[in-house]
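Peer 1: Below is the structure I would like to discuss, written out as structure tokens.
The values are calculated or read from the model by the stated rules, or taken from the named source; none is laboratory data. Everything numeric here is computed off the predicted structure, so don't read it as measured data. Cβ: placed from backbone, ideal geometry, glycine included. Neighbour counts: every protein chain shown.
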Amino acid sequence: MRARSITSLLTRQWMFFATCVGLLFAAAGLLLLFLLEDSFIDRQLQAAARTVASASPGLTRLPVEYSVYPIAEVPPDIHARLRSARAGEPFEMRRADRRHVHVLLVDTPRSGRLAVVYDVTDQLTVSPRLGSGLILVLGLTLATLLAAAALARAFVARVTRQAEQLAHSIRGSPDPKSLRELARDQQVLEFQHLLGLHADIWEAQLSAVEDERQTLAYLGHELRTPLQSAQTSLALLSRQRSDAAAFDRLERAVSRLTRASGAALWLATERQPDLSVSTPLLPIIHRVAAELSPLAERAGQVIEIDVPATASFHGPVEISETILANLLLNAIQHGSPGSIIVRAEADALVITNPDLHGSPSGGFGFGLEIVRRLAERIGWTVQVSTLAGSASTRCTWIPVADEP
């Protein structure tokens with residue numbers, strides 16, 4: 001479809017509307033003239049009929065346009081219409097000789113029913129001047145079209161200037177916030193909606209770019225450390241196959257790489273996790289704690305688990321394990337020596353560790369955003385707080401009733 005300018009489109013629509021309105025008023029005016037003319041003729045005919053029906057009809061002579069016939073003497077072309085006529089109700093017709101007449105039946109005390117015929121052929125005003133009226137209507141319609149075109153162009157030119165200024169302002173806006181401020185200053189509601197929609201799209205695009213940046217940064221951070229550890233461990237194992245410490249480091253590196261790969265897949269897809277299956281929480285915590293305990297011992301820390309065997313949640317194991325491993329690793333790497341307590345509540349898991357001096361954020365940077373994005377996929381919320389030298393991370397999930 002060929003694109004058209006808003007000026008051309010609105011001008012044509014306005015001219016079409018003006019034409020329709022002009023023709024409607026012309027037709028209504030013409031119909032009104034016919035009705036008024038017929039009403040005036042019918043009143044004259046009724047006045048003549050009252051004269052005919054009076055007790056002394058000879059006192060008043062009717063004009064030559066009027067004819068009075070007894071029913072038996074009515075001309076045949078008029079008599080054919082009398083079958084459906086009623087006394088006192090005038091009707092109009094065109095006779096065989098093309099003369100236009102109005103007829104009224106009237107009952108008289110002396111002569112019975114009579115037909116009063118009023119020949120209005122020479123009395124008509126609207127029909128003979130219909131051609132001149134149509135020319136006048138066409139002229140007025142043309143003038144209306146010209147005026148409508150001028151008004152439409154004047155109006156649309158203003159709207160077009162506003163749209164061009166709006167497009168220029170959009171191109172020069174530095175961020176979505178400035179677009180929303182610009183939308184509040186608009187007087188046209190549709191322009192406000194357009195700016196708001198553009199700001200929403202812009203924010204969604206920025207959010208997608210930021211999510212991608214965080215994901216890449218997370219992968220860069222998560223892959224670098226275990227890869228270095230795996231390379232070192234493989235070098236040691238190549239020289240001495242019985243090095244248990246090297247084997248443990250290699251095992252932790254592979255586990256971390258596996259979790260990072262799974263997290264990247266969940267972050268990169270829109271697949272919804274299955275939240276209908278209840279998953280025991282304690283085995284996941286034991287597995288993660290056993291993997292990270294050697295790191296905690298070297299940092300002078302002890303992982304204490306206070307989770308009942310009945311504790312469970314709804315969601316995939318790979319997501320929950322990645323979340324818990326990241327939170328526990330953060331507590332080890334950015335906490336001071338002491339006990340790291342993993343405690344379960346009815347709908348939450350709390351990890352508490354001594355806070356390292358000078359690290360009020362608990363060591364989390366973009367990694368916390370990644371953890372929160374993963375937690376959001378399974379209905380969890382993650383909150384980090386620091387109080388009196390102790391850092392606490394709370395994972396809360398929405399309880400889901402088990403299927404019967």
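Peer 1: Restricting to the range 318-341, name every residue that is crowded, with 22+ Cβ neighbours inside 10 Å and either β-branched (Val, Ile, Thr) or modelled with pLDDT under 80 (or both).
Peer 2: Scanning the range 318-341 gives Thr322, Ile323, Ile340.
Peer 1: Counting just the residues of the range 1-55 that are among the basic types (Lys, Arg) and closer than 30 Å to Pro109 by Cβ, which one comes out modelled with the lowest pLDDT?
Peer 2: Arg50
Peer 1: Is it the case, given these coordinates, that Arg287 is of a type in the set (Lys, Arg), at pLDDT below 90 and either in contact with a helix residue (DSSP H, G or I) (Cβ under 8 Å, 6 or more places away or on another chain) or buried (at least 22 other Cβ atoms within 10 Å of the Cβ) (or both)?
Peer 2: In short, yes.
Peer 1: Looking at the range 89-105, is at least one residue farther than 18 Å from Glu65 by Cα, touching a helix residue (DSSP H, G or I) at 6+ places or on another chain (Cβ under 8 Å) and charged (D, E, K, R)?
Peer 2: Among the residues of the range 89-105, not one is farther than 18 Å from Glu65 by Cα, touching a helix residue (DSSP H, G or I) at 6+ places or on another chain (Cβ under 8 Å) and charged (D, E, K, R), which makes the answer no.
Peer 1: Suppose we filter the range 190-210 for residues that are over 28 Å from Thr160 (Cβ atoms) and among the aliphatic types (A, V, I, L, M); how many remain?
Peer 2: Of the residues in the range 190-210, 4 are over 28 Å from Thr160 (Cβ atoms) and among the aliphatic types (A, V, I, L, M).
Peer 1: Quick check on the range 65-99: of everything there that is without any contact (Cβ under 8 Å) to a residue 12 or more places away in the chain and of a type in the set (A, V, I, L, M, F, W, C), which residue is nearest to Gly112 (Cα to Cα)?
Peer 2: Ala72
Peer 1: Which condition number in (1) free of Cβ contacts under 8 Å to residues at least 60 places away in the same chain; (2) buried (at least 17 other Cβ atoms within 10 Å of the Cβ); (3) in a helix (DSSP H, G or I); (4) of a type outside the set (S, T, N, Q) is the one that Leu236 fails?
Peer 2: Here Leu236 meets the rest and fails (2).
Peer 1: Under the condition of being under 22 Å from Leu35 (Cβ atoms), in a helix (DSSP H, G or I) and not hydroxyl-bearing (Ser, Thr, Tyr), which residue from the range 80-134 is modelled with the lowest pLDDT?
Peer 2: Residue satisfying both the conditions and the ranking: Leu130.
Peer 1: With the condition kept exactly as written, say whether any residue in the range 56-71 is closer than 30 Å to Met15 by Cα and either modelled with pLDDT of 85 or more or part of a helix (DSSP H, G or I) (or both).
Peer 2: no
Peer 1: Which one is surrounded by the most Cβ atoms within 10 Å (Cβ to Cβ), of the residues in the range 363-385 that are more than 13 Å from Ile323 (Cα to Cα) and at pLDDT 85 or above?
Peer 2: Val384
Peer 1: Then there is this: Which of the residues that make up the range 301-336 are touching a strand residue (DSSP E or B) at 6+ places or on another chain (Cβ under 6 Å) and part of a loop (DSSP other than H, G, I, E, B)?
Peer 2: Residues satisfying the conditions are Val307, Ala311, Ser336.
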